[in-house]
């Protein structure tokens, strides 16, 4: 992953609208979450790196700090009740506010229909969907205190737009997040809080590296721009929806898939 440095995008300095903002990013120790955390920190937001792996979270926060950003790590299992108590406490103690929530944490176990049992189904929903709900329930009261908030959910093209054999449970969880987004966007609009979602296609992450090589090549051929997304590509999309400039956008999704879902055949 390319290091993203404060104020740097393609070597050009530019105005940063996230100065003074505090961003909570879940699942932020690696993959897409790390890309989001890196970009928000590069845009001058203070970032709370939330991850189930304490050592990985500390390493990610340390790397952001070494690149010139401001980040702390908080270990939390989003699938557990009370997981966000230490997150909110850390934000209140250090900054007194939460402005941005990137609810990104998720799991994607593969299972065909006959193998989807209650344990698997409940785990996927607990982390991918209930984890996002827990994050919002914890962060929204703090956002309301300042009448300002930007919530960005990480959905996917898988589920809402396309499907893949073996990923029915994952797809169902990602589609569910869009239902949450629309209703909560209406519920929170009067509080100065927007709720939007990004829908990434295939992203170059450690998880993608585990996909069989033949399937990787097939997926790559299906992307018109000719490459996978990098985690930072998702980060820049989140950055826009998390900005002051996006104040009039709520209940919407931003697909970033390199044109993968466009062809008719």
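Tabulated results
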read-out: P(r) of region 14-68 over all Cα-Cα pairs, binned every 5 Å from zero, in whole percent; value: 5, 24, 33, 23, 11, 3, 1
read-out: Per residue, the convex hull volume that the Cα atoms of region 101-230 enclose (Å³); value: 119 Å³
read-out: Nearest 10 degrees, 0 to 90: helix 31-42 Cα axis against the chain principal axis; value: 30 degrees
read-out: Angle between the chain longest axis and helix 131-145 axis [Cα atoms, degrees, rounded to 10]; value: 20 degrees
read-out: Antiparallel DSSP beta bridges within the chain, percent to nearest 5; value: 5 percent
read-out: Set of region 72-87 residues, backbone N closer than 17 Å to the point 7 Å along the Cα-Cβ line of residue 123; value: 77-81
read-out: Tilt relative to the chain, helix 85-94 - C-alpha long axis, 0 to 90 degrees, to 10; value: 40 degrees
read-out: Inverse of mean 1/r across different Cα pairs in region 84-171, Kirkwood, Å; value: 14.6 Å
read-out: Percent of C-alpha pairs per 10 Å bin, region 12-156, short to long; value: 12, 43, 31, 10, 3, 0
read-out: FRET efficiency estimate (nearest 0.05) - Cβ-Cβ, residue 186 to residue 116, R0 30 angstrom; value: 0.40
read-out: Semi-axis lengths (Å, descending) of the ellipsoid that matches the C-alpha gyration tensor of the chain; value: 27, 21, 18
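Every number in this text was worked out from the coordinates using simple rules, so none of it is lab data. Keep in mind it's a predicted model, so treat the numbers as computed, not measured. Neighbour counts run over all protein chains shown; Cβ positions are idealised from the backbone, glycine included.
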